[in-house]
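Worksheet: one structure, shown below.
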Number of protein chains: 2
Amino acid sequence: MSELSRATGVPVATVKYYLREGLLPAGRATGATQAQYDESHVTRLRLARSIVQVGGLSVAAARDVLAALDTSDRSLHRVLGAAHYALAPQVAHEHDPTRARELASAWGWRVHPEAPALRQLEHALTALDDVGAPATDERLARYAGLAHQIAEVDVADVPTTSTEEAATTVVIGTVLWEPVLLALRRLAQEAVSAELHDHV
Amino acid sequence: MSELSRATGVPVATVKYYLREGLLPAGRATGATQAQYDESHVTRLRLARSIVQVGGLSVAAARDVLAALDTSDRSLHRVLGAAHYALAPQVAHEHDPTRARELASAWGWRVHPEAPALRQLEHALTALDDVGAPATDERLARYAGLAHQIAEVDVADVPTTSTEEAATTVVIGTVLWEPVLLALRRLAQEAVSAELHDHV
């Protein structure tokens, strides 16, 4: 276990905690107090830590996401569904995501009517209504067009060689690329604003 | 105060809390236990609640963001800077954002070398390195191109009529459109994956 900690930079106490919480499978027991870990443990431990620390997920949510990697049916579409479901922000379920469903349908997007991201979108749209700055269909359509291009980049990046790798890529793409996208958007806003500033 | 609560749907206890924490300016005192609130209080209260509930900010962080709306220099560029700084996720400052700076410069983006989003990006890139799935320059460049187009939509949406409205739009665009973008990306991933699934 100390070698596992050294290889990943994750403190031994955290490794123990993740083992206890089921984020990391047990090693092969080689004695009463000894166990052997292999390369797959190193990979899984790094993934678990990143999901918790960068993705900001609770340990329970991280366990659900990692469990999606271990299901028998690991087609891209299934794993994506499982990962999105497990990774969905906890959004109050008070309203049906009516407008979000209509929008997705208007754009020709085939999504499950209970997809958690629909509630996520509906919740965000309601918040914009509440502050008196409702999202216009036009701005949403432009965002949707760009989001679709981002998704094409994401899906093209999923390897087709092994389902294990595909599943891992989907989880990483969902959890760890979201902060990349948000950081890039903020930097781009500053850059665009600087360009305008110069010309005013 | 009960009218303010009725107009916004925010419970009286929350209104009191926001007043105490400085998220909402005091009303005009009309008696020992009475104060008058106007339309600007309604707007500000809705914005404060959305930043906390949808943006997921702490009350202290929300106060900093709202304070940016009240500064005397409210050029778009200044307000954007103040909002981004206040809204930056708390990222450990252990490393200089060297790679993030180089990327922004390679894309021709003029951003402040201490912009919080650079650290946000560097942190996310390090997390991808840690899980053994480093971001390639090619994928980052494609993301950056799309993020720039999103930022153009955002900046075009900022009204030039009044600095108060411009500042409010910037805060809303930063905090409340991020969840919209993330939800759209997940829905688009499902749609793109469904298209592929059909053809396999």
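The values are calculated or read from the model by the stated rules, or taken from the named source; none is laboratory data. Computed from a predicted structure; not experimentally measured. As a convention, Cβ positions derive from the backbone with ideal geometry for all residues, glycine included, and neighbour counts pool all protein chains shown. Accessible surface is based on the protein model in full, side chains and every heavy atom, while ligands, DNA and RNA are left aside. Shrake-Rupley method; radii C 1.70, N 1.55, O 1.52, S 1.80 Å.
Helices (runs of 4 or more DSSP H) fully within region A:1-80 that include at least 1 residues being crowded, with 20+ Cβ neighbours inside 10 Å, without any contact (Cβ under 8 Å) to a residue 24 or more places away in the chain and of a type outside the set (Ser, Thr, Tyr): A:39-53. On the basis of being under 22 Å from A:Leu146 (Cβ atoms), at pLDDT 95 or above, buried (at least 22 other Cβ atoms within 10 Å of the Cβ) and out of contact with any His (no Cβ under 7 Å at 6 or more places or on another chain), does B:Ala147 make the cut? In short, yes. Restricting region A:106-129 to residues that are touching a helix residue (DSSP H, G or I) at 6+ places or on another chain (Cβ under 9 Å) and under 14 Å from B:Trp177 (Cβ atoms) leaves a set whose member that is modelled with the lowest pLDDT is A:Ala127.
Filtered by the rule that a residue be at the interface with chain A (Cβ under 7 Å from one of its Cβ atoms) and of a type in the set (D, E, K, R), region B:136-148 gives B:Arg139, B:Arg142. Whenever a residue of region A:125-145 is at positive phi, it has no partner that is open to solvent by less than 10 Å² (accessible area, probe 1.4 Å) and modelled with pLDDT of 90 or more lying with C-beta atoms less than 9 angstrom away and at least six residues away or across chains.
Tell me which residues, restricted to region A:106-135, are more than 9 Å from chain B (Cβ to nearest Cβ), more than 23 Å from the chain's Cα centre (by Cα) and either more than 30 Å from B:Ser40 (Cβ to Cβ) or not acidic (Asp, Glu) (or both). A:Ala106, A:Pro134, listed by residue number.
Entry remark, region A:97-115: residues being buried (at least 22 other Cβ atoms within 10 Å of the Cβ) and part of a helix (DSSP H, G or I) number 3 in total. If I filter region A:78-98 for residues that are at pLDDT below 90, within 11 Å of another protein chain (Cβ to nearest Cβ) and more than 23 Å from the chain's Cα centre (by Cα), do I get at least one hit? No; the residues of region A:78-98 include none that is at pLDDT below 90, within 11 Å of another protein chain (Cβ to nearest Cβ) and more than 23 Å from the chain's Cα centre (by Cα). For region B:149-168, a residue qualifies if it is in a helix (DSSP H, G or I), touching a residue at least 12 places away in the same chain (Cβ under 8 Å) and at the interface with chain A (Cβ under 7 Å from one of its Cβ atoms), and the qualifying residues are B:Ile150, B:Asp154, B:Val155.
For first residues located in region A:178-192 and within 7 Å of chain B (Cβ to nearest Cβ), partners that are β-branched (Val, Ile, Thr) and open to solvent by 10 Å² or more (accessible area, probe 1.4 Å) and lie 6+ apart or on another chain with Cβ distances below 7 Å form the pairs A:Pro179/A:Val54; A:Leu187/B:Val111; A:Gln189/B:Val155; A:Glu190/B:Val111; A:Ala191/B:Val111; A:Val192/B:Val155.
Got a number for residues in region A:116-146 being in a loop (DSSP other than H, G, I, E, B) and of a type in the set (A, V, I, L, M)? Let's see the steps before the verdict.
We begin by selecting, within region A:116-146, every residue in a loop (DSSP other than H, G, I, E, B); these are A:131-136.
Checking the rest, the ones that are also of a type in the set (A, V, I, L, M) come to A:131, A:133, A:135.
So the answer is 3.
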